[in-house]
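One structure is given here, and the rest of the page talks about it.
The values are calculated or read from the model by the stated rules, or taken from the named source; none is laboratory data. As the structure is a computational prediction, the values presented were derived from the model and not from experiment. Glycine gets a Cβ as well: all are built from the backbone with ideal geometry, and neighbour counts include every protein chain shown. To get the accessible areas, we keep the full protein, side chains included, count just its heavy atoms, and leave off ligands, DNA and RNA. Shrake-Rupley method; radii C 1.70, N 1.55, O 1.52, S 1.80 Å.
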Amino acid sequence: MRLFLNYIWMYRRLLLIVLTPLILLPVPLIIRTKEAECAYVLFVVAVFWLSEALPLSVTAFIPALMFPLFGVIPSKKIASTYFKDFHLLLTGVICLATSIEKWNLHKRIALRMVMLVGVNPAWLMLGFMFSTGFLSMWLSNTSTAAMVMPIVEAVAQQIINAEAEVDAMQINSSDGIHNEVFELDENNTEMGTKCDPEKHVNGYANWTVAVYSNGKCTAIEDYRAETCSQHEKEIPEIQPVSENKYRTKKDQMMCKAMCLCIAYSSTIGGLTTITGTSTNLIFAETFQTRYPGSTEINFGTWFLLCIPITIILMILSWLWLQWLFLGFNFKELFKCGKAKTQREIASAKVILDEYKKLGPLSYQEIMTFILFLLMALLWFTRDPGFIPGWSALFPEYKGYATDSTAALLLGLFFFIIPAYPWKMKTAEKIKSFDYAPLITWKEFQACMPWDIGILVGGGFALAEGCEVSGLSQWIGNKMTPLGSLPIWIIVLIACIIVTSVTEVASNPATITIFLPILAPLAEAINVNPLYILIPTTLCTSFAFLLPVANPPNAIVFSYGHLQVIDMVKAGLGINILGVLVVMLCISTWAIPMFNLNIYPSWAPTIVNSTALATTAFTTAM
């Protein structure tokens with residue numbers, strides 16, 4: 001019996017792939033409507049995405065296979081849904097991210113921001129959180145966490161070593177202290193990785209990351225892409241840090257808090273921009289596709305909406321981690337003029353030494369930073385809303401230029417601007433300039449997350465199928481009774497559901513499944529779709545509970561300072577705080593920004609059969 005169960009467990013993925021379509025097959029065979037056939041495809045894709053029985057990008061091709069066979073959408077039409085404006089925007093962003101990480105601009109920004117806040121462990125945590133959050137606005141949360149964690153680990157170990165030396169001096173009555181700086185060796189950390197974590201390039205998926213190794217950028221699949229169940233989602237193999245390696249309980253708690261602050265801030269920071277997370281990008285493209293007449297969502301409006309959320313949630317997360325692991329001493333924390341301890345001096349030294357290793361600001365970093373500023377400026381000023389943007393320069397082509405236009409324009413410059421404009425090479429005693437751009441096509445190609453592009457295309461194909469088959473309208477009509485509930489309860493229920501699902505499923509898969517369901521719900525109950533879709537999108541990123549919930553959690557867990565119960569206790573608090581802050585946002589400043597109390601003209605008006613019958617009866621009377 002045990003052997004039989006072992007075989008079942010071994011082939012559980014194959015069984016799920018075979019049995020799911022067979023079990024659900026009576027739905028289209030018995031009901032025999034286009035809605036039922038589309039629902040069958042939706043259920044199969046959802047099961048495969050949630051269980052990861054197949055790679056997510058492979059599952060995304062199922063609608064292109066099944067919709068033509070069921071006669072829902074022709075093959076040529078469904079194929080066109082797999083490439084949208086989203087992919088052009090992603091291309092420009094990856095050009096920027098590749099150059100930032102290739103030339104180490106990300107590390108300089110992180111270290112500089114940490115140096116500004118001081119060296120007290122509490123303030124040091126806050127500095128790491130805001131620098132990590134800022135980087136995560138433009139890079140993926142995975143690559144941001146992988147880049148910052150070696151620095152955090154070095155600082156934490158240096159603090160522990162410095163205090164140990166102080167105690168040894170006091171015991172031996174020594175006259176001085178010799179404090180050796182903990183050298184940050186990014187190729188030999190306790191993560192046990194064989195790649196260079198400093199050089200992680202934006203994989204942009206919640207499970208994919210690319211790294212530079214020996215000058216080449218290669219894609220590496222995370223544990224999520226290689227497994228299909230919770231039991232197989234394993235963290236990288238390491239030697240756990242045993243408790244006797246900590247001098248005191250306080251040192252252990254400090255390491256736990258510093259690890260978690262990086263995991264949480266790398267995710268929270270990505271909420272701020274449309275390009276910060278894949279879920280934001282998926283929402284923006286899906287929303288524009290479903291509501292082409294809407295002009296509410298762009299880079300500028302999203303930033304203004306979410307920057308308060310990010311700041312509030314970052315500070316609350318910092319306070320929560322302080323209270324949970326270190327104890328929050330208000331007087332001690334804000335006491336001015338206090339002499340620096342040996343711990344603070346040691347942490348300041350290791351950060352300063354790491355910053356000095358970068359050397360002076362290079363030409364490549366300057367050019368990358370200039371292009372970064374120009375890209376952000378063009379995003380903000382395209383159509384800010386309160387004043388005419390640069391898109392108004394083309395009134396006869398209104399709506400033609402989008403955020404992807406600016407991203408592609410600046411992304412092109414990364415392939416044009418020379419990386420070494422003054423470098424000479426000698427060949428047979430003839431000197432000539434060696435032209436090489438800031439990034440090459442091979443570097444971009446290796447760092448471009450093609451799997452996320454296919455996954456998003458599958459989501460667009462599903463949404464198109466739901467619309468054409470009438471499944472979206474059918475779902476909306478069935479959900480009409482929810483209109484009797486207060487809107488804030490509907491939003492809260494939706495936020496709790498997606499926050500729970502995203503703990504066990506990838507964030508892009510979760511948002512791709514729920515957007516085609518929640519949009520018809522908003523239309524059916526005559527509520528502005530943004531009222532439900534914005535908070536749901538934000539809450540999809542709140543995967544803080546488990547090491548397997550998202551890659552940043554796994555990265556920090558792999559350093560051996562944390563136990564699962566630590567992440568559950570801390571993550572539960574962050575999840576609750578996140579949902580509350582999002583509810584605060586959607587109930588206050590989001591309402592005047594998007595006129596959420598008014599059903600917009602760009603959204604379709606759905607009249608259900610019950611309403612029609614009531615109207616006819618009233619007319620007859």
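Observations on the model:
- The listed residue being assigned to a helix (DSSP H, G or I) and open to solvent by 30 Å² or more (accessible area, probe 1.4 Å), out of Asn477, Asn526: Asn477
- Residue match in the range 67-83 (condition: farther than 29 Å from Ser404 by Cβ and open to solvent by less than 40 Å² (accessible area, probe 1.4 Å)): no
- In the range 351-374, the residues that are on the phi < 0 side of the Ramachandran plot and hydroxyl-bearing (Ser, Thr, Tyr) form no Cβ pair under 6 Å with any partner that is at pLDDT 85 or above and open to solvent by 70 Å² or more (accessible area, probe 1.4 Å), whether six or more places apart or across chains.
- The single condition from (1) more than 21 Å from Glu285 (Cβ to Cβ); (2) surrounded by 24 or more Cβ atoms within 10 Å (Cβ to Cβ); (3) among the hydrophobic types (A, V, I, L, M, F, W, C) that Leu562 fails is (2).
- In the range 510-551, the residues that are farther than 20 Å from Val579 by Cβ and of a type in the set (A, V, I, L, M): Ala519, Ala524, Ile525, Val548
- Criterion: open to solvent by less than 20 Å² (accessible area, probe 1.4 Å), among the aliphatic types (A, V, I, L, M) and touching a helix residue (DSSP H, G or I) at 6+ places or on another chain (Cβ under 6 Å) - qualifying residue of Leu56, Leu88: Leu56
- Any chance Pro508 is within 26 Å of Thr144 (Cβ to Cβ) and modelled with pLDDT under 90: yes
- Scanning the range 480-509 for residues that are under 18 Å from the mean Cα position of the chain (by Cα) and either without any contact (Cβ under 8 Å) to a residue 40 or more places away in the chain or more than 26 Å from Val47 (Cα to Cα) (or both) yields a single hit, Ser500.
- Members of the range 572-592 found to be over 23 Å from Glu503 (Cα atoms), surrounded by 15 or more Cβ atoms within 10 Å (Cβ to Cβ) and of a type in the set (A, V, I, L, M, F, W, C), listed by number: Ala590, Ile591
- Some residue of the range 276-284 being open to solvent by 10 Å² or more (accessible area, probe 1.4 Å) and in a helix (DSSP H, G or I): yes
- Residue check, Val568 of a type in the set (A, V, I, L, M) and over 30 Å from Lys249 (Cβ atoms): no
- Single residue of Gly399, Gly385 found to be at pLDDT below 90, assigned to a loop (DSSP other than H, G, I, E, B) and surrounded by 13 or more Cβ atoms within 10 Å (Cβ to Cβ): Gly385
- Pairs, first of a type in the set (Gly, Ala, Ser) in the range 306-321, second part of a helix (DSSP H, G or I), C-beta under 7 Å, six or more apart: Ser317/Tyr264; Ser317/Ile268; Ser317/Ile574; Ser317/Leu577
- Within the range 27-53, the set of residues being surrounded by fewer than 18 Cβ atoms within 10 Å (Cβ to Cβ) and of a type in the set (S, T, N, Q) comprises Thr33 only.
- Just one of the listed residues (Leu111, Leu69, Leu50, Leu90) is out of contact with any Leu (no Cβ under 6 Å at 6 or more places or on another chain), modelled with pLDDT of 90 or more and assigned to a helix (DSSP H, G or I), and it is Leu69.
- Criterion violated by Ala570 - all others in (1) under 30 Å from Phe299 (Cα atoms); (2) small (Gly, Ala, Ser); (3) in contact with a Lys or Arg (Cβ under 9 Å, 6 or more places away or on another chain) satisfied: (1)
- When Met258 is tested against (1) in a helix (DSSP H, G or I); (2) modelled with pLDDT under 85, just one condition goes unmet, and that condition is (2).
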